[in-house]
1. Which of the residues that make up segment 197-218 are modelled with pLDDT under 85 and part of a strand (DSSP E or B)?
2. Can you tell me which residues in segment 290-308 are among the polar types (S, T, N, Q) and more than 26 Å from PHE347 (Cα to Cα)?
3. Please count how many residues of segment 212-260 are surrounded by 19 or more Cβ atoms within 10 Å (Cβ to Cβ) and in contact with a helix residue (DSSP H, G or I) (Cβ under 9 Å, 6 or more places away or on another chain).
4. Sort out which residues of segment 255-277 are of a type in the set (A, V, I, L, M, F, W, C), touching an Asp or Glu at 6+ places or on another chain (Cβ under 8 Å) and without any contact (Cβ under 8 Å) to a residue 60 or more places away in the chain, and write them in order of number.
5. Find the residue count for segment 25-71, including only residues that are in contact with a Ser or Thr (Cβ under 9 Å, 6 or more places away or on another chain), outside any loop (DSSP other than H, G, I, E, B) and at pLDDT 85 or above.
6. If the Cβ limit is 8 Å and pairs must be 6+ apart or interchain, which residue in segment 438-466 that is of a type in the set (A, V, I, L, M) pairs with which residue that is part of a loop (DSSP other than H, G, I, E, B) and crowded, with 17+ Cβ neighbours inside 10 Å?
7. Can you name the strands (runs of 3 or more DSSP E) wholly within segment 73-182 that have at least 2 residues being under 30 Å from GLU52 (Cβ atoms) and more than 22 Å from the chain's Cα centre (by Cα)?
8. Out of everything in segment 335-357 that is surrounded by 14 or more Cβ atoms within 10 Å (Cβ to Cβ) and charged (D, E, K, R), what residue ends up being farthest from TRP389 (Cα to Cα)?
Amino acid sequence: MSNQRVFSYYRFQQRMSRPLSARIALLSLGCAEVSLAFSSQAMATTGFVRLESDGFLKRSDDRSNSTQTIVLGPEFSGQNRFVEGNADLQAIGYVTNKSTFTAESKNAYLATSTQLMPRHQLTLGRRQYDWSVVDDQWKMGLWSPRFLWDPLRPEQIGLTGAFYTYQSQSWRVLAYASPLSIPERGFPTQQQDGRITSASPFYIEPFQKLQITENRSLPVHYDLQYPAMSELLLNPGGAMQVRYGEKQGGWIQANYGILPILQPNLSIEPSIVLQSNEVEVTVHPRILYHHVMTGETGFKNRDFSLWSSVTGETPLQKQIPSSWVTIPIGPTLIVSAGAEANFRGGFKLNGSLFYLNETTPAQTDAAVDTSSLQGRFEYKKAARLGAEWSGMTHLTYSTAWIADLEEKSNLMSFDLNFRPKLDASLVSGAWLINVGTDFFTSSTGTGHLGKYQGNDRVRGGVSYVF
């Protein structure tokens, strides 16, 4: 495994874990609001409990050789004549390490009921919308935040703020505005004795040593300088989407937003401490903004769908002191296309191509060379191919291949899902059993996939829906 880790991947876990009780209280308040809103009406309460286990095929001193994870996901939803709402909570942690407990929520909102206004809806809270096909397919975190407990299987969550939607048979208008932005998070990390550590097997420490001269390197001692929570969270933004098209047939949509970048940008300030013979690296997290514009079009029917997407993104730079070093960012063009086909016998095939070009300023006279570190985007040139077969009543087989064409790395995954009950809706009392594998190959050992070379694993999970 590589000993380098992109600084922009550090998710504020230590800082964000301090007010964990406040986040849980906020999510609980959202659940309580939904409950009170429908106290006199029917309210659905569902959820799941899942136990997962990962076993790595190769031993390593840099990570544990196996993990066991427990996930609890209650969900509350309801609707009456005037309002409707949904609140879900995902509590996740490693069985053997209580300090890894993390809470997240995809949705926690109240909205006007479609019974009150069939075409118009106002929503307040956190809500997940389908902003962009390319963002949904490649999980970039460009429009929708991600929860990165497992960086190979990121989960999209909703933006937080106020939403307005207009929906007719052919048109949809979606508007979003918020006085705050919550940076995306992942597995917990902590600062300990000048190092940044984590119980996650996917964590790779940043620089352990820095090259001072051609023949000399010194160990690194980290000092994380967190901004005030107001600087982290109180960052307003807004976006709008206009879409034309019905459920079947051709469609076209356009988005524009000026938003905080959901991935914190971390600048570092290195200095040599002669007394301890080490490099003191002070890390300064920052929230940057960007303009994002996406245009997408496609066609969909019962058996076949295809889509294409073009995105232009321009980050708004902030001046940093001359002694700081940061990974350069710049205007970005993203082009992608994909297709999916459904065949007889429950067989599905899908594929996608991805191209990204980021124009970054040249880095000159920097105290630390960051050119070898992965930037804020996981891929520059990539391809994806997937297949699924659900021909047998209780079993579903799926496989996926992702190729990082720029970094010459690959990920091949296989999954088998077993559902004892025939009802595909997974009603209360249903069980779901999953077994899967992930295999990595890389000729460079760099990039999003290459840095996990040697982390081949077998996955297993059991879920109970209540």
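The values are calculated or read from the model by the stated rules, or taken from the named source; none is laboratory data. Everything numeric in this text was worked out from a predicted model, so none of it was measured. Virtual Cβ from ideal backbone geometry, glycine too; neighbours counted across all protein chains shown.
1. LYS209, LEU210, GLN211, ILE212, THR213, ARG216, SER217, LEU218
2. THR294
3. 2
4. VAL273 - this is the single residue of segment 255-277 that is of a type in the set (A, V, I, L, M, F, W, C), touching an Asp or Glu at 6+ places or on another chain (Cβ under 8 Å) and without any contact (Cβ under 8 Å) to a residue 60 or more places away in the chain.
5. Looking only at that region, the number is 16.
6. LEU449/GLU407; VAL465/ALA430
7. Numbers: elements: 83-88, 90-94, 97-104, 108-112, 120-127, 146-148, 159-167, 171-178.
Once the strands (runs of 3 or more DSSP E) in segment 73-182 are filtered for at least 2 residues that are under 30 Å from GLU52 (Cβ atoms) and more than 22 Å from the chain's Cα centre (by Cα), what remains is 97-104.
8. GLU340
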